[in-house]
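Taken together, the values in this text are just the output of simple stated rules run on the coordinates, not laboratory data. Because the structure is predicted, anything quoted here is derived from the model rather than measured. As a convention, Cβ positions derive from the backbone with ideal geometry for all residues, glycine included, and neighbour counts pool all protein chains shown.
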Amino acid sequence: MAGRGATPSRKVKEYWNGTINWVKLGEILFKNIYETEEKITKLGCESSSLRLFPENTVVLSLYKGGGSAILKCPSTINESVAAISVSETPCCPEFLSYYFQLIFEGVKKTEQGSARQVLDKEKIRSLRFPFTSFAEQKEVVREIESRLALVSSIEKLQNDFELLKKVALKETFETLEASKD
């Protein structure tokens, strides 16, 4: 684990509303993070000994069933978030993020409704990652994204079908009511 974060004191106004991205637990939604809701100042970063993680760092939610995302902008993180920097490794951040999604799905099934900590430094260190070559990781990511696009298309069709069903029922009963008049 590259590190965990912290929260600068909210009582010190000079620590907040700066230009440094600060990732919170609720922003880790299995997608890329291009900008954060809150930003801190350089003083806030230094006062909390926060590390600025580079783009393509994988961030993990340590609570609420877990979650992962990929930083697409340099950012600091709060204490409910862990970061794994892959910039100096032969690891594709998308590959790692998808792998964590798989892990977190298993956690959600076993810990329904739990708000306790899902991962800690020891659990992360004990994980065995199915690393392959960088080229194979990229191929796995392409395959996953292709399948997820198909799932998205099917979900859209399913939603369209449900809408059509509602419209058909409504129009049928409106026609029936109109014919009685």
Mean-position separation - Cα centroids, the range 162-181 and the range 14-28, in angstrom:
51 Å
With +1 assigned to the C-beta of every Lys and Arg and -1 to the C-beta of every Asp and Glu, and no other charges, what is the dipole magnitude of the chain about the Cα centre in debye, to the nearest 20?
680 debye
Picking from Leu157, Ser85, Ala168, whose Cα lies most toward the positive end of the charge dipole for the chain (charges on Cβ: Lys, Arg +1; Asp, Glu -1)?
Ser85
Degrees, to the nearest 10: 93-110 long Cα axis against longest axis of the chain:
70 degrees
For every other residue with a beta carbon closer than 14 angstrom to the beta carbon of Val140, add +1 if it is Lys or Arg and -1 if Asp or Glu, then tell me the sum.
-2
